[in-house]
Structures are given as C-alpha cells and as structure tokens.
Amino acid sequence: MNKKLLVLVPMPEDQVRYIISAANAADSPQGNTWSYEYHPAGLSGEQLTDALQNVQAVLGEPDVDALIAAVQSGSYPEIVQMTWAGTDKYTCSTIPFPHEVALCNAVGAFGHIISQYVLGQILSIMQNLPGYRANQPSCQWKDLGPVASLDGATVLVFGSGDIGGHIARRLQGFDAQVVGVCRDTSHARPYFDQLCTLDQAQDWLPKADVVVGAIPNSPQTAGWLDRRRIGMMKPGAILVNVGRGNFVDCLALDQALKAGILRGAALDVTNPEPLPEDHPLWSEPRCLITPHISGGSFGRHLGTELRIRDIAADNLRAHILGEPLRTPVFTQEQQ
C-alpha cells in the first residue's frame, strides 16, 4: 500500500525525506511505502479538505474544521504532527479536535533557543543596554547609572517543562536561585532550587528579582499576572514573557513601567497579539517587544528545525508500530 505524508509547513525537503525514511523503515515489513505531498505555504478551504482525504499523516497545523470534514467523509489522516509546542489552536478551540485523529505537538524542540532569548533579554535590561542603544543615534556618551546582576538573584520561572527547564539550566551558571512554578511539586526537577504551585507563586512575587513567563495557556494561567499581582512585584524587578500573551495584563504592565516600579520588561508574546499600534507599550522605553520570534524554527534556526524533524520522525514511527507516542497532546480518553 502507498501511504502519504501531507506537509503544510516550510520544512526543508531533505528533512521531510528523513521523516519519510523513518516511516518506510517502520512500515516496509508490512509491505507499505511512504511518500509526501509538499505544500510549504499551506492549504485552505476545499483544497485542504481534499488533501486531508488522501493522506495518512499530516505535518503542520491544519484547520480543525477541514479535519472534521475529512473525518465525516470517511477518509482522513490517522495522525497530525504539529510543528509548534503550543496547542491552543486545538485545545482552546470551541470546535473539539476529532477523536479519530491522533495529535502530537513539538514540545522539546524549543527550549534551547527560547532560553537563550530569555537570558539575553534579562542581561540586556540588567546592563541598561536598550538605553545605550537608544542614545546612540544622538551620539550621547552618557552613563545610564547602576546595573543589576543575576549573581544571587531570585528568578521566578512560570513553567517548569522543557522551556522552563532550559531557562533554569542556563541561570544556574549565574548562581541565581531559580524557583519553578508547576502543577506537581512532589518530584524534584533538574536545575530548579525550589518548586511552587501557581497558588503559592504569589508569595514569591515580592522576592523575585526576575519573573519569567514560560507557561502554557490555561483557564488558570490566563490573566494571572494582573494589575494586583504586578503591584506585588519587587521594586526594580524584570519581567520577560515568552509563554502566552494572556498571562500578563499588558496595560497594567505599562503603568508599572511608566511609574518606574519595574526595571524593565521584554515581551515576545502579548495580549492581544499582535499588539495594536495605539497600545502604550510601543512607546515605553523600558519595554522591548518582539513579534513572537523567540522560538523561531523554519529558516531561522537549524537546531530547532532538526529537533522538530526528529520529534516528527519518532512520532510517526511509533504510530506505525503501535508504540507510545513521544509527544501526544491527547490520550484517546481525553478527546
């Protein structure tokens, strides 16, 4: 039997062929041969539905309504492999993801590069580098005053999975105390000095020199860092958010920065996203905003691309062999 992988993302074709080789190695004993259909710009509407009806696997993030239409037709992919770690498109949708289709994400691919972004932003703000860059066009040779240090600092990291764990590992090199926020604190996690639950995290806000948002979206985390809790943060603290934009009240953050309560902030995710042109944070010199690029993959960072490739190959191989998936989003019972 000929089987097909539908590719909806601009993954380089040599990496797609690597995934196909893994599928063929697993499926050839059963007499099956895999190939792929490549649409790096994606498909939509009827074209997507038609394509989904003629493949056994998908690499990318197809619209859920097209998946449902394919399922209703009786011919649909067995597995969808996302190239993102975040699963909001499906898990926070008002349309349930079809239980007939296995869903995997790419968690584990982004911690290396996102943690580099986080450390870069923290150190930049601590050394006043954004201010010096802002002074450069006007040729100002001006000392911008005291700096801060991670040596002995307390860093509160919301999220203790792959991304949070990589952030904690990098912070250990600076002799910082790293406190991780997670649901289950019963088991120690590497590189974190302490763990706390989301409810307990509020007690750490007045003690934290740096607060990092690297937590997935959920009803419990949405809007958690609101006006009241931002007001509880330690004077001179730094905030970096790379998780979900709705974790932070951006208007309240703007007010705290303008009042000089916080030393600075760096946002790679915002609420709303993209940030409207008239939002006050755009003109706030203590805030550095980037357009959701800290975990950039295709065409941006080869190492991240290769991790996504390996995760996809492992999941497709496991699916073919009936083995546990590496990064399942749902169990059958949860769908």
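The values are calculated or read from the model by the stated rules, or taken from the named source; none is laboratory data. The structure presented is a predicted model; accordingly, all values stated were derived computationally and were not measured. Positions of Cβ are backbone-derived with ideal geometry, glycine not excepted, and every protein chain shown enters the neighbour counts. What goes into the accessible areas is simple: the full protein's heavy atoms, side chains included, and nothing from ligands, DNA or RNA. Shrake-Rupley method; radii C 1.70, N 1.55, O 1.52, S 1.80 Å.
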Rough spin-label spacing in nm, given labels placed 7 Å along Cα→Cβ, for Asp65 and Leu144: 4.6
Gain upon complete extension [Ala252, Leu321; 0.36 nm per residue less C-alpha separation]: 19.8 nm
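Taking R0 as 41 Å, what's the FRET efficiency between Asn32 and Ile293 from their Cβ-Cβ distance, rounded to 0.05? Numbers along the way, then the final one.
Details: r = 39 Å, r/R0 = 0.94.
E between Asn32 and Ile293, to the nearest 0.05, is 0.60.
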Between segment 1-45 and segment 47-92, the Cα center-to-center distance that results, in Å: 14
Gyration tensor (alpha-carbon) shape descriptor, segment 103-155, a/c threshold 1.5: oblate
Solvent-accessible area per residue for segment 160-258 (1.4 angstrom probe, square angstrom): 44
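Would you mind working out the magnitude of the charge dipole of the chain relative to its Cα centre, with +1 at each Lys and Arg C-beta and -1 at each Asp and Glu C-beta, to the nearest 20 Debye?
Values: 24 positive and 34 negative charges, 197 e Å.
Dipole of the chain, to the nearest 20 debye: 940 debye.
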C-alpha long axis of helix 162-172 to longest principal axis of the chain, angle in °: 40
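Rounded to a whole number, what % of the accessible area of the chain do carbon and sulfur atoms account for, probe 1.4 Å?
On the way: 8140 of 15870 Å².
Ligands and nucleic acids excluded, carbon and sulfur reach 51 percent.
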GNM top mover of Gly159, Gly236, Gly260 - the chain, alpha-carbon springs below 10 Å: Gly260
Extension gain (nm, one decimal) between Glu46 and Leu198, 0.36 nm per residue minus Cα-Cα: 50.4 nm
Under 17 Å from Lys258, Cα to Cα: lysines that are on another chain or at least 8 residues apart: Lys234
Listed residues Asn246, Ala266, Tyr38: farthest to the positive end of the dipole of the chain (Cβ charges): Ala266
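Can you give me the orientation-averaged projected area of the convex hull built on the Cα atoms of the chain, in nm²?
Values: hull surface 76.9 nm².
For the chain, the mean projected area of the Cα convex hull comes to 19.2 nm².
In debye, nearest 20: dipole of segment 229-286 around its Cα centre with unit charges on the Cβ of K, R (+) and D, E (-)?
Values: 6 positive and 7 negative charges, 83 e Å.
With only Lys, Arg, Asp and Glu charged at Cβ, the dipole is about 400 debye.
Hey, can you find the accessible area per residue of segment 1-154 for me, probe 1.4 Å, expressed in square angstrom?
Details: 7360 Å² over 154 residues.
Accessible area per residue: 48 Å².
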³J(HN,Hα) computed for each position of segment 56-68 - Karplus, 6.51 cos²θ - 1.76 cosθ + 1.60, integer Hz, glycine/proline x: 9, 8, 10, 10, x, 10, x, 4, 5, 5, 5, 4, 5
FRET E, pair Lys89, Leu123, Förster distance 45 Å, beta-carbon r, rounded to 0.05: 0.85
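Counting Lys and Arg as +1 and Asp and Glu as -1, each charge on the Cβ, what is the dipole of segment 1-136 about the Cα centre in debye, to the nearest 20? Walk me through the numbers before you get to the answer.
Details: 5 positive and 12 negative charges, 100 e Å.
I would put it at about 480 debye.
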Net charge over other residues, Cβ less than 13 angstrom from the Cβ of Ala259 (K, R count +1; D, E count -1): +2
Estimated vicinal HN-Hα couplings, Hz - segment 291-302 in sequence order (Karplus 6.51, -1.76, 1.60; Gly, Pro = x): x, 6, 10, 4, x, x, 10, 4, x, 10, 8, 4
Table column - 3J(HN,Hα) (Hz), segment 189-204, Karplus curve with 6.51, -1.76, 1.60, x for Gly and Pro: 10, x, 6, 9, 6, 8, 10, 8, 7, 4, 5, 7, 4, 4, 5, 8
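Label segment 1-59 by shape, choosing from rounded, prolate and oblate, from the square roots a ≥ b ≥ c of the eigenvalues of the Cα gyration tensor; if a/c is under 1.5 it is rounded, and otherwise prolate applies when a/b is larger than b/c, oblate when it is not. Kindly include the intermediate steps, with their values, before the conclusion.
Numbers: a/c = 3.76, a/b = 1.45, b/c = 2.59.
The shape class here is oblate.
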Span from the segment 147-220 Cα centroid across to the segment 106-123 one, whole angstrom: 14
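State whether segment 237-288 is rounded, prolate or oblate according to the following rule on the C-alpha gyration tensor (a ≥ b ≥ c being the square roots of its eigenvalues): a/c under 1.5 gives rounded; otherwise a/b larger than b/c gives prolate, and the remaining case gives oblate.
Values: a/c = 1.79, a/b = 1.24, b/c = 1.45.
Oblate.
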Theoretical FRET efficiency, 1/(1+(r/R0)^6), r = Cβ-Cβ of Gln116 and Met1, R0 35 Å, to 0.05: 0.20
